[in-house]
Amino acid sequence: SAVISQKPSRDICQRGTSLTIQCQVDSQVTMMFWYRQQPGQSLTLIATANQGSEATYESGFVIDKFPISRPNLTFSTLTVSNMSPEDSSIYLCSVGDVMGLGEKLFFGSGTQLSVL
Amino acid sequence: AQKITQTQPGMFVQEKEAVTLDCTYDTSDPSYGLFWYKQPSSGEMIFLIYQGSYDQQNATEGRYSLNFQKARKSANLVISASQLGDSAMYFCAMGLSGTYKYIFGTGTRLKVLA
């Protein structure tokens with residue numbers, strides 16, 4: 001199983017600023033993902049981080065707001081840009097592992113973001 | 001459209017008792033996987049158990065078992081001998097074969113009482 005280190009674990013930020021979240025995996029993985037969990041809500045996929053190419057964003061999420069980097073097979077960053085209070089959420093990095101028909105996801109410990 | 005439904009926003013269980021967390025799903029794809037994750041107050045997502053759509057037997061992992069009823073499209077999580085440390089949010093999720101996209105339910109908050 002993959003061990004995922006995510007940092008920062010939490011942050012409090014001012015409106016209009018940006019925060020970059022880092023995700024480091026202890027082994028090379030093909031697929032890395034970024035999820036958002038708004039307060040009291042379920043997880044929503046933001047994008048798939050592709051190594052060597054642009055991230056693939058889900059409907060409702062755009063690169064200008066959530067730029068993602070994936071320089072190699074063990075590391076990715078997500079930036080939350082020009083933050084507003086609506087961006088207050090838990091952001092989770094996850095990686096894919098093959099497990100039968102479904103692809104089991106491993107998650108980082110999450111970044112709890114509060115925007116004032 | 002694929003969907004996961006968890007109808008219990010909150011549950012209480014007495015320590016050492018068993019508890020069942022409900023999950024129903026909807027998909028027209030014959031190949032899929034069903035997962036349960038635990039999210040403690042610290043925020044991380046912890047994988048608990050997996051059931052593939054073609055698995056004949058219900059999955060078990062220690063105190064966790066998955067009551068898979070394919071015809072009813074349900075995948076309920078059973079936790080036996082509940083412990084105080086089981087208090088957390090529990091999410092049911094579905095992944096489709098050949099894709100890494102997961103659909104998560106809205107979660108059930110479980111509180112284990114001493």
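Values quoted throughout were computed directly from the atomic coordinates according to the rules given, and no laboratory measurement underlies them. Not measured: the values here are computed from a predicted model. Reconstructed Cβ throughout: ideal geometry from the backbone, glycine too, with neighbour counts over all protein chains shown.
The residues of segment B:1-31 that are of a type outside the set (Val, Ile, Thr) and assigned to a strand (DSSP E or B), listed by number, are B:LYS3, B:GLY10, B:MET11, B:PHE12, B:GLN14, B:LEU21, B:TYR25, B:ASP26.
For (1) over 16 Å from B:TRP36 (Cα atoms); (2) among the small types (Gly, Ala, Ser), each residue gets a yes or a no:
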site: B:ASN67; (1), (2): no, no
site: B:ARG72; (1), (2): yes, no
site: B:SER80; (1), (2): no, yes
site: B:LEU84; (1), (2): yes, no
site: B:ALA88; (1), (2): no, yes
site: B:GLY95; (1), (2): no, yes
site: B:TYR102; (1), (2): no, no
site: B:GLY105; (1), (2): no, yes
site: B:LEU113; (1), (2): yes, no
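Taken over segment B:89-111, residues that are of a type outside the set (Gly, Ala, Ser), facing chain A (nearest Cβ under 7 Å) and crowded, with 23+ Cβ neighbours inside 10 Å amount to 2. Filtering B:LEU48, B:LEU34, B:LEU77, B:LEU66 for residues that are away from every other protein chain (no Cβ under 13 Å) and in a strand (DSSP E or B) leaves a single hit, B:LEU77.
Among the conditions (1) outside any loop (DSSP other than H, G, I, E, B); (2) more than 12 Å from chain A (Cβ to nearest Cβ); (3) in contact with a strand residue (DSSP E or B) (Cβ under 6 Å, 6 or more places away or on another chain), the only one that B:GLY85 does not satisfy is (3).
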